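As structure tokens, the structure follows; a few thoughts come after it.
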């Protein structure tokens, strides 16, 4: 009984500590989502969260008669002098604050993020056959592996043959199956239909978009990826970069390319629409285009860009535009976008001036539940 009680107490204490850790992570979730190193520490769906050392509240026993305001000392004297300092700078002797790294699953982190941001569940539209196959035994075959031999059907077939041929003797009721009497279970492979999604990331890589701006985009897209992957069985990703021209690239190239040319946003939208029409029909896919830019665009390109954007919005669940502030970007495209799609509930925008704005950008992009 003592061992059982101790085990229950350990489990209770463990659950209590886990709750404290979860509360600490959730209270600092705005800070943690801006840590780029979390992406690098991802492994087997776990990430490491650095937390200050957690102190469990407890009573501390001391000497009776000692309380605040008691003891030696005169009015005006400094208290708690650092013993390491004698008026000169130097190495300290006292230990610093301890940092505890706690491993949590991405699923738990996404759940905490959704609770903190009050994000609704997404209701997917459409169905798409993806690689989820199920095998079900549906019939009987005359050929197959011995491991799948149907003994009852085999016996029945052998008995029928012997009765028809007159070789069956009731006084000696032995049934000997021949090769042609054997029957085997047969199966059919069916494909289970699940909701599928495609994320199409577009980014301006002209000279005005620096490494810092791309890091903000990288962090934002990571949490968008993680959130949507929690709602869909299959998530595909495509990456488009553009300056005055657009092209599809892999993920590594997407985040580490910088050009020096001008900017024509319409080229990215044109390629995005082509991808949707040729590879991701909206009847089968939930389409999520995300565009990140500093808002600089060639002036005579706006008309074509907004014409193409209207077609993209029509076939997408939502369209998200994140304007990343840079030293050289004008930022005028966002205002024109808001004026053009004023009142539309499928065009979502956010301004990212630094890492601290990623939290609000995620709430703006994911808060509709679409």
From the options 275, 228, residue that is in the same structural domain as residue 338 (by TED's automatic domain parsing) and within 28 Å of residue 34 (Cα to Cα) = 228
task = Taking the residues in region 309-327 that are out of contact with any strand residue (DSSP E or B) (no Cβ under 9 Å at 6 or more places or on another chain) and outside any helix (DSSP H, G or I) as candidates, determine which candidate is nearest to residue 215 (Cα to Cα).
result = 326
query = Can we say residue 249 is surrounded by fewer than 21 Cβ atoms within 10 Å (Cβ to Cβ), at pLDDT 85 or above and within 28 Å of residue 354 (Cβ to Cβ)?
reply = yes
key: Pairs, first over 16 Å from residue 363 (Cβ atoms) in region 106-126, second modelled with pLDDT of 75 or more and surrounded by fewer than 18 Cβ atoms within 10 Å (Cβ to Cβ), C-beta under 6 Å, six or more apart   = 126/283; 126/284
message = Restricting to region 191-212, name every residue that is more than 13 Å from residue 241 (Cβ to Cβ) and at pLDDT 85 or above.
response = 197, 198, 199, 212
request  = Examine region 292-302 for a residue that is under 23 Å from residue 115 (Cα atoms) and either at pLDDT 85 or above or touching a strand residue (DSSP E or B) at 6+ places or on another chain (Cβ under 8 Å) (or both), and state whether such a residue exists.
outcome  = no
message = Kindly evaluate residue 143 against the criterion of being in a loop (DSSP other than H, G, I, E, B), over 30 Å from residue 220 (Cα atoms), out of contact with any helix residue (DSSP H, G or I) (no Cβ under 8 Å at 6 or more places or on another chain) and modelled with pLDDT of 70 or more.
response = yes
task = Looking at (1) under 16 Å from residue 203 (Cα atoms); (2) exposed (fewer than 15 other Cβ atoms within 10 Å of the Cβ), find the lone condition where residue 294 falls short.
result = (2)
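For region 252-296, enumerate the residues that are assigned to a loop (DSSP other than H, G, I, E, B) and closer than 15 Å to residue 321 by Cβ.
Keep residues of region 252-296 that are assigned to a loop (DSSP other than H, G, I, E, B), which gives 256-264, 280-284, 294-296.
Hits for region 252-296 are 263, 294, 295, 296.
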task = Those residues that are assigned to a loop (DSSP other than H, G, I, E, B), modelled with pLDDT under 90 and touching a strand residue (DSSP E or B) at 6+ places or on another chain (Cβ under 7 Å), I need them from region 328-355; list them, please.
result = 331, 341
ask   = Looking at (1) outside any strand (DSSP E or B); (2) touching a residue at least 40 places away in the same chain (Cβ under 8 Å), which is the one condition that is false for residue 306?
value = (2)
ask   = Can you tell me which residues in region 304-327 are surrounded by fewer than 18 Cβ atoms within 10 Å (Cβ to Cβ) and modelled with pLDDT under 90?
value = 325, 327
query = With respect to the numbered conditions (1) modelled with pLDDT under 80; (2) more than 30 Å from residue 235 (Cβ to Cβ), which one is the sole condition not fulfilled by residue 131?
reply = (2)
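The values are calculated or read from the model by the stated rules, or taken from the named source; none is laboratory data. Because the structure is predicted, anything quoted here is derived from the model rather than measured. For neighbour counting, all protein chains shown are included, and Cβ atoms are generated from backbone atoms with ideal geometry for every residue, glycine included.
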